[in-house]
Amino acid sequence: MKRNKPLLDRRVSVPTPAGMKEPLGQSEKFLDFQEQLSRAARVDRPILLVGERGTGKELAATRVHFLSKRWQGPLITLNCAALAPTLIESELFGFERGAFTGADHRRKGRFEAADGGTLFLDEISSIPLQVQEKILRVVEYGTFERVGSTDGLEVNVRILGATNRDLFSMAKEGLFKEDLLDRLCFDVLLLPPLREREGDIPLLADHFAARMAMELGWAEIPGFTDEAIRAMEEYSWPGNVRELKNIVERAVYRSDTPLIRSIDFYPWRGFETGKDKTPKGQGIRADHPFKERSPSGESFQQAVESFKISLITGALRSSRFHQQRAARSLGLTYHQFRGLFRKYRKRIEEAMGNPLQEAGGSRRRDDL
């Protein structure tokens with residue numbers, strides 16, 4: 001069965017300055033984050049962006065820059081994990097001729113290049129402690145020296161840091177300077193992982209599929225079956241939006257028709273060990289049931305859904321059909337619970353004997 005295909009102009013997004021990639025989403029967590037980011041962008045202070053890999057930390061930093069008063073200044077980016085520790089200092093602060101072997105000319109560093117604008121330090125946890133000391137001085141006084149020089153230079157730079165690690169714990173263990181952490185976290189923005197962005201997966205999948213179809217020269221915009229969408233919504237997405245983009249683009253280019261039925265989450269299956277006999281690149285097909293069945297005769301996916309429904313119905317009965325209390329008993333937020341309830345509402349009502357009718361006028365309908 002083909003799901004209703006949304007038009008491209010139905011995409012929900014946050015207003016974006018010209019020349020900047022547009023963040024895309026409509027979930028409450030996504031919109032809350034974009035609101036926090038827009039508010040923080042206007043205050044000329046350092047910010048830390050914390051999130052799992054693939055959540056869009058660089059895109060968020062770019063947005064902070066363009067929404068700030070520094071938007072006409074340079075935005076300079078450095079991935080600190082991509083450099084050897086011995087090279088980070090000279091890359092950030094530059095060096096004088098003769099400072100070390102091979103330094104046959106003077107070179108400006110990233111701080112000088114970012115003067116009047118923003119310096120985005122991705123994977124900031126990878127910076128060595130001795131370099132952190134020099135960064136702290138720039139944050140506090142706006143001055144530094146190139147490697148091999150004693151002449152001070154002044155810069156006016158806003159620093160944005162990004163990490164997927166717990167800098168607070170690292171600081172307690174002596175792996176990150178506490179003073180620098182204090183200066184950098186004027187505010188800490190937590191990027192929501194894709195699995196918590198309710199309703200954004202189909203939206204993003206449609207967007208990436210349309211772009212891939214355009215790249216391939218397709219005349220028709222691709223769509224996904226309900227089974228394919230369900231498979232994507234139930235996947236944990238450890239690589240977040242970056243992984244979703246890759247998987248959707250692969251599904252589109254492999255498909256012979258505009259209706260996407262097969263979602264391959266594990267293209268490397270069969271390469272890791274000799275034990276996995278799955279054909280190369282086959283992965284999991286969203287339009288085929290699992291061969292292994294539960295004792296009840298259900299497929300794995302059906303058994304998981306039945307277990308979720310039994311937990312929800314049990315929590316509702318224990319809480320006298322009060323959703324907020326039911327959500328707390330399951331360790332879920334109210335919005336997470338509401339999302340599951342809406343998804344399985346018909347089956348939940350069947351399992352509970354249609355409590356909406358039994359409740360009559362004694363309970364509000366929106367309690368359920």
Self-check item: Breaking point among (1) farther than 23 Å from Pro23 by Cα; (2) under 25 Å from the mean Cα position of the chain (by Cα); (3) at pLDDT 95 or above, for Ser169
Solution: (3)
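Name every residue in the stretch 319-344 that is assigned to a loop (DSSP other than H, G, I, E, B), polar (S, T, N, Q) and closer than 27 Å to Asp226 by Cα, in order of residue number.
First, the residues of the stretch 319-344 that are assigned to a loop (DSSP other than H, G, I, E, B): 319-322, 330-333.
Checking the rest, the ones that are also polar (S, T, N, Q) come to 319, 333.
Matches in the stretch 319-344: Thr333 only.
Buried (at least 18 other Cβ atoms within 10 Å of the Cβ), touching a His at 6+ places or on another chain (Cβ under 9 Å) and not assigned by TED's automatic domain parsing to the domain that holds Val64, is that true of Val248?
Numbers: buried (at least 18 other Cβ atoms within 10 Å of the Cβ): yes; touching a His at 6+ places or on another chain (Cβ under 9 Å): yes; not assigned by TED's automatic domain parsing to the domain that holds Val64: yes.
Yes, satisfied.
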Exercise. Please name all residue pairs, on different chains or six or more residues apart, with Cβ atoms under 7 Å, provided the first residue is in the stretch 340-362 and is acidic (Asp, Glu) and the second residue is at pLDDT below 80.
Key: Glu349/Pro355; Glu349/Leu356
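Give the stretch 345-365 a look and list any residue that's modelled with pLDDT under 75 and assigned to a loop (DSSP other than H, G, I, E, B), or say none. Write out each step before concluding.
So in the stretch 345-365, the residues modelled with pLDDT under 75 come out as 353-365.
If the condition is that a residue be modelled with pLDDT under 75 and assigned to a loop (DSSP other than H, G, I, E, B), then Gly353, Asn354, Arg363, Arg364 are the ones that fit.
What are the residues in the stretch 19-44 that are under 15 Å from Ile159 (Cβ atoms), surrounded by 16 or more Cβ atoms within 10 Å (Cβ to Cβ) and touching a residue at least 60 places away in the same chain (Cβ under 8 Å), if any?
To start, the set of residues in the stretch 19-44 that are under 15 Å from Ile159 (Cβ atoms) comprises 40-41, 43-44.
From what is left, the residues that are surrounded by 16 or more Cβ atoms within 10 Å (Cβ to Cβ) are 40-41.
Result: Ala40, single match.
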Quiz item: Which numbered condition trips up Met214, out of (1) surrounded by fewer than 17 Cβ atoms within 10 Å (Cβ to Cβ); (2) assigned to a helix (DSSP H, G or I); (3) touching a helix residue (DSSP H, G or I) at 6+ places or on another chain (Cβ under 8 Å); (4) of a type in the set (A, V, I, L, M, F, W, C)?
Solution: (3)
Quiz item: Which condition breaks for Leu119 when tested against (1) buried (at least 17 other Cβ atoms within 10 Å of the Cβ); (2) more than 21 Å from Gly152 (Cα to Cα); (3) without any contact (Cβ under 8 Å) to a residue 60 or more places away in the chain?
Solution: (2)
Quiz item: Leu92: in contact (Cβ under 8 Å) with a residue 40 or more places away in the chain, touching a Lys or Arg at 6+ places or on another chain (Cβ under 8 Å), closer than 25 Å to Leu59 by Cβ and surrounded by 14 or more Cβ atoms within 10 Å (Cβ to Cβ), yes or no?
Solution: yes
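Tell me which strands (runs of 3 or more DSSP E) are completely within the stretch 134-209 and hold 2 or more residues being in the same structural domain as Thr118 (by TED's automatic domain parsing) and of a type in the set (Ser, Thr, Tyr), or say none if there are none.
Details: elements: 143-145, 152-154, 158-163, 187-190.
Passing ranges: none, list empty.
Those residues that are under 18 Å from Arg45 (Cβ atoms) and not in a helix (DSSP H, G or I), I need them from the stretch 58-75; list them, please. I'd like the intermediate steps shown before the answer.
Here is the first cut: in the stretch 58-75, the ones under 18 Å from Arg45 (Cβ atoms) are 60-71, 73, 75.
If the condition is that a residue be under 18 Å from Arg45 (Cβ atoms) and not in a helix (DSSP H, G or I), then Leu67, Ser68, Lys69, Arg70, Trp71, Gly73, Leu75 are the ones that fit.
For the stretch 165-187, name all the residues that are crowded, with 16+ Cβ neighbours inside 10 Å and under 25 Å from Ala114 (Cα atoms).
Of all residues in the stretch 165-187, those crowded, with 16+ Cβ neighbours inside 10 Å come to 167, 170-171, 176-177, 180-181, 183-185.
The answer is Leu167, Phe176, Lys177, Leu180, Leu181, Arg183, Leu184, Cys185.
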Quiz prompt | Complete set of residues in the stretch 104-128 that are within 28 Å of the chain's Cα centre (by Cα) and outside any loop (DSSP other than H, G, I, E, B) | solution = Arg110, Phe111, Thr118, Leu119, Phe120, Leu121, Asp122, Ile124, Ser125, Ser126
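The values are calculated or read from the model by the stated rules, or taken from the named source; none is laboratory data. Please read these numbers as outputs of a predicted model, since none were measured by experiment. Methodologically, a virtual Cβ is constructed for each residue, glycine included, from the backbone with ideal geometry; neighbour enumeration extends over all protein chains shown.
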